[in-house]
Amino acid sequence: MNTSTNPLTNLSAPSAPDASPAAAATQNRKADHLRVCLEDDVQSQQTTGFERYRFSHCCLPELDRSEIDLSIRFLGKVLNAPLLISSMTGGTALAQTINYRLATVAQHYRIAMGVGSQRVAIENPQVEPTFAVRSLAPDILLFANLGAVQLNYRYGFEECQRVVDCLEADALILHLNPLQECVQTQGDTNFRGLLDKIALLCEKLPVPVIAKEVGNGISADMAQKLIAAGVSAIDVAGAGGTSWARVESERAQDHRQRRLGKTFANWGIPTAECITDIRAIAPHIPLIASGGLRDGLDGAKAIALGADLAGLALPFLQAAADSEAALHLLMEALTAELATVLFCTGNATLAGLKQPGMLQRVL
């Protein structure tokens, strides 16, 4: 694919001369996040926990590999593969290019996609087009996104409905990020009473609500409370991938915040532990595994441990920043890796990975 003729490379976000100082600050922060994630080493030094498991190899699969089926149904939609392009970005010219490329590829392969926090679009409606990808991906499972803490900062049902409408989204992600807000300069740290507000939103919003961490994990106890509040799915977003404490440390302007981010760079519950603990107490909740997944083998392990979808962010971000062609190469690799796991464990469908003894703990 020749990216020099790709019109996406020339797209830019609408200018916003009348944006408020708060909106401009949010937009600058989004640009910083992209730059830091693409240019700096902000990965957690803690592992995901997937390295503690291995599949039982089947030397005689009794399968035709061409007949392997990677499709699943999630929140009412059929996906061709159990993959989610995890929430990343929006609000800037580069973010628009990235989101449009991601949406185009998500449509081609019929996988799920989430966008980054749409708070910037609430503060500055002129950047809504940087998120609005539905015209490029009319059939995909698409997730809107807002920080749950904003429910304590003058956001309510109307703002949540607005970001869903902007995307024509199938569900709303409410992301939970207490550590990131602590490290972020002038972060929003009033999390008091949020569970009740989430419950009210789940009752009123006409689309499912997904509770998602941002890289520090969701415990079984918190998952139980969120499920009781009415969330329709959980994205564990465990530790082992991008550390948002490290991201905010890199962009912090004062010594205290920089040190805080470094101190807590490896904080959180490993992704594999989140999956097994939540699935043990909630056998039927739709469950997304994200947080440090880097290939199809990680995704297959996550599914074998109890997840329904495997979410990846950094691999998709790096490929999308390169070109749409790079995204196609990544998707072909991910689906080949998933199919190879199925073939070499003797399973024609993903359901087979959840059978007892299929995945063994070795550490």
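Consider Pro270 carefully, then state whether it is under 24 Å from Ile227 (Cα atoms), under 17 Å from the mean Cα position of the chain (by Cα) and surrounded by fewer than 21 Cβ atoms within 10 Å (Cβ to Cβ).
no
Which of the following residues is closer than 15 Å to Gly217 by Cα and not in a helix (DSSP H, G or I): Ala302, Ala265?
One residue alone meets the criteria, Ala265.
Ala245: more than 30 Å from Thr104 (Cα to Cα), part of a helix (DSSP H, G or I), in contact (Cβ under 8 Å) with a residue 24 or more places away in the chain and in contact with a Phe, Trp or Tyr (Cβ under 7 Å, 6 or more places away or on another chain), yes or no?
Yes; evaluated as a whole, the condition is true for this residue.
For residues in the range 292-323 being within 14 Å of Ile111 (Cβ to Cβ) and not aliphatic (A, V, I, L, M), which is surrounded by the fewest Cβ atoms within 10 Å (Cβ to Cβ)?
Only one residue tops the list, namely Pro315.
So is Ile288 touching a strand residue (DSSP E or B) at 6+ places or on another chain (Cβ under 7 Å) and either surrounded by fewer than 22 Cβ atoms within 10 Å (Cβ to Cβ) or in a strand (DSSP E or B) (or both) or not?
Answer is yes for this residue.
Give me the pairs: first residue in the range 138-160 and on the phi < 0 side of the Ramachandran plot and charged (D, E, K, R), second residue modelled with pLDDT of 95 or more and not in a strand (DSSP E or B), beta-carbon distance under 7 Å, and six or more apart or on different chains, which are they?
Asp139/Gln107; Asp139/Arg110; Glu159/Ile122
Filtering the range 226-238 down to residues that are of a type outside the set (D, E, K, R) and closer than 9 Å to Ser290 by Cα, which residue is surrounded by the most Cβ atoms within 10 Å (Cβ to Cβ)?
Of everything passing the filter in the range 226-238, Ala237 is surrounded by the most Cβ atoms within 10 Å (Cβ to Cβ).
Hey, any hits in the range 248-256 for a residue that's part of a loop (DSSP other than H, G, I, E, B), surrounded by 19 or more Cβ atoms within 10 Å (Cβ to Cβ) and touching a Lys or Arg at 6+ places or on another chain (Cβ under 9 Å)?
Here is the first cut: in the range 248-256, the ones part of a loop (DSSP other than H, G, I, E, B) are 252-254.
Okay, now just the ones that are also surrounded by 19 or more Cβ atoms within 10 Å (Cβ to Cβ), so none.
No, the range 248-256 has no match at all.
I need the full set of residues from the range 197-232 which are under 13 Å from the mean Cα position of the chain (by Cα) and under 21 Å from Arg73 (Cβ atoms), in order please.
Within the range 197-232, Ile210, Ala211, Lys212 meet the criteria.
In the range 165-199, what residues are in contact (Cβ under 8 Å) with a residue 40 or more places away in the chain and assigned to a helix (DSSP H, G or I)?
Cys166, Leu167, Leu179, Gln180, Cys182, Val183, Leu194, Lys197, Ile198 - these are the residues of the range 165-199 that are in contact (Cβ under 8 Å) with a residue 40 or more places away in the chain and assigned to a helix (DSSP H, G or I).
Within the set of pairs 6+ apart or on separate chains, which have a first residue in the range 261-287 that is closer than 23 Å to Val42 by Cβ, a second that is assigned to a helix (DSSP H, G or I) and aromatic (Phe, Trp, Tyr), and C-beta atoms under 8 Å apart?
Thr271/Phe50; Ala272/Phe50
Name the single residue that is surrounded by the fewest Cβ atoms within 10 Å (Cβ to Cβ) among those in the range 175-219 being in contact with a Cys (Cβ under 8 Å, 6 or more places away or on another chain) and among the hydrophobic types (A, V, I, L, M, F, W, C).
Leu205
Within the range 253-274, identify whether any single residue is among the small types (Gly, Ala, Ser) and under 22 Å from Tyr153 (Cα atoms), and answer yes or no.
No.
Test each condition in (1) in contact with a strand residue (DSSP E or B) (Cβ under 7 Å, 6 or more places away or on another chain); (2) of a type outside the set (S, T, N, Q); (3) at pLDDT below 95 for Gly215 and report the one that comes out false.
Checking Gly215 against (1) in contact with a strand residue (DSSP E or B) (Cβ under 7 Å, 6 or more places away or on another chain); (2) of a type outside the set (S, T, N, Q); (3) at pLDDT below 95, the one that fails is (3).
Looking only at the range 332-358, which residues are buried (at least 21 other Cβ atoms within 10 Å of the Cβ) and in a helix (DSSP H, G or I)?
Residues satisfying the conditions are Leu334, Leu338, Val341, Leu342, Leu350, Leu353.
Consider the range 32-52. How many of its residues are surrounded by 15 or more Cβ atoms within 10 Å (Cβ to Cβ) and assigned to a loop (DSSP other than H, G, I, E, B)?
Qualifying residue count for the region: 6.
Just give me the residues in the range 104-133 being in contact with a Cys (Cβ under 9 Å, 6 or more places away or on another chain), among the small types (Gly, Ala, Ser) and part of a helix (DSSP H, G or I), in sequence order.
Once the filter is applied, which keeps residues that are in contact with a Cys (Cβ under 9 Å, 6 or more places away or on another chain), among the small types (Gly, Ala, Ser) and part of a helix (DSSP H, G or I), the range 104-133 yields only Ala121.
For the range 63-88, which residues satisfy the criterion of being crowded, with 24+ Cβ neighbours inside 10 Å and modelled with pLDDT of 95 or more?
The answer is Pro82, Leu83, Leu84, Ile85, Ser86.
Is it the case, given these coordinates, that Gly91 is within 13 Å of the chain's Cα centre (by Cα) and surrounded by 24 or more Cβ atoms within 10 Å (Cβ to Cβ)?
On the way: within 13 Å of the chain's Cα centre (by Cα): no; surrounded by 24 or more Cβ atoms within 10 Å (Cβ to Cβ): yes.
No.
The values are calculated or read from the model by the stated rules, or taken from the named source; none is laboratory data. What you see is a predicted model; the values in this text were computed from it and never measured. Positions of Cβ are generated from backbone atoms using ideal geometry, with glycine treated the same way; all protein chains shown enter the neighbour counts.
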